Amino acid sequence: MEVRAGEAVAVIGANGAGKSTLLKSIAGLLPSRPDAITFAGEPIGGLPAHAVAARGIALVPEGRGLFASLSVEENLLIGGQLNRPGPWNLSSIYDLFPVLGERHAMPSTALSGGQQQMAAIARGLMANPKLLLCDEISLGLAPIVVRDIYTRLPTILSAGISLVLVEQDVVQALKAVQRVYCLQEGRVALAGAAKDLTRETIAAAYFGV
């Protein structure tokens, strides 16, 4: 698969298709051959996670992974420890997600599920990545909350970030991206422009029929 500069790509597929494994491999959390993954023309497959992050790749993990013992702002500051240059800092994050500014001193556990997801995305942005990997950002959230989060994605993309979304909500994902890959048992079963894919072709690739 390929992700171009400034592009949003969705990775869809049934449970166990390999979506989260793909993101973890890109982020350096799972081992892979050095030449299996390239970023900006250089092989990164054998690099540890901290080296991948330093090159400009940030992962928003499934389940959010916030530090329960830290405040909202402390969680965000952890994301910015690499001090990479870029548009994202506490001020711009609080402009994007005002509720995080309002609750910056609260424990992360005091946030609602949707607010915790915003905090997880914001922590990833604080690293000023070139590529943001988001794993199941709608998982367990009410539809109205999911829509609220997705309305922020154009602003994120306008800052020049490339985005990979692993998403179970296929309809929502198709509205937010330019291209789609459907995985089935670790293989690409379908790839194409989001605007060109039909429900029938997606269902056939999704379920292998």
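Of note:
- Top-ranked residue in region 96-111 [being of a type in the set (G, A, S) and either assigned to a helix (DSSP H, G or I) or open to solvent by less than 70 Å² (accessible area, probe 1.4 Å) (or both); ranked as farthest from P154 (Cα to Cα)]: A110
- When region 52-71 is filtered for residues that are open to solvent by less than 50 Å² (accessible area, probe 1.4 Å) and over 24 Å from L157 (Cβ atoms), the ones remaining, listed by number, are L70, S71.
- Lone qualifier among L22, L76 - being crowded, with 20+ Cβ neighbours inside 10 Å, without any contact (Cβ under 8 Å) to a residue 60 or more places away in the chain and assigned to a helix (DSSP H, G or I): L76
- Positions within region 195-207 being surrounded by 12 or more Cβ atoms within 10 Å (Cβ to Cβ) and of a type outside the set (F, W, Y), in sequence order: L197, T201, I202, A203, A204, A205
- Of the residues in region 179-187, at least one is out of contact with any Pro (no Cβ under 9 Å at 6 or more places or on another chain), of a type in the set (S, T, Y), modelled with pLDDT of 90 or more and under 12 Å from V11 (Cα atoms).
- Residues that are under 19 Å from A54 (Cβ atoms) and among the aliphatic types (A, V, I, L, M) within region 1-31 comprise V3, A5, L23, I26, A27, L29, L30, listed in sequence order.
- When region 113-160 is limited to residues that are part of a helix (DSSP H, G or I) and β-branched (V, I, T), the one that is modelled with the highest pLDDT turns out to be I121.
The values are calculated or read from the model by the stated rules, or taken from the named source; none is laboratory data. Please read these numbers as outputs of a predicted model, since none were measured by experiment. When we count neighbours, we look across all protein chains shown, and the Cβ atoms used for this are built from the backbone with ideal geometry, even at glycine. Heavy atoms of the whole protein, side chains included, go into the accessibility calculation; ligands, DNA and RNA do not. Shrake-Rupley method; radii C 1.70, N 1.55, O 1.52, S 1.80 Å.
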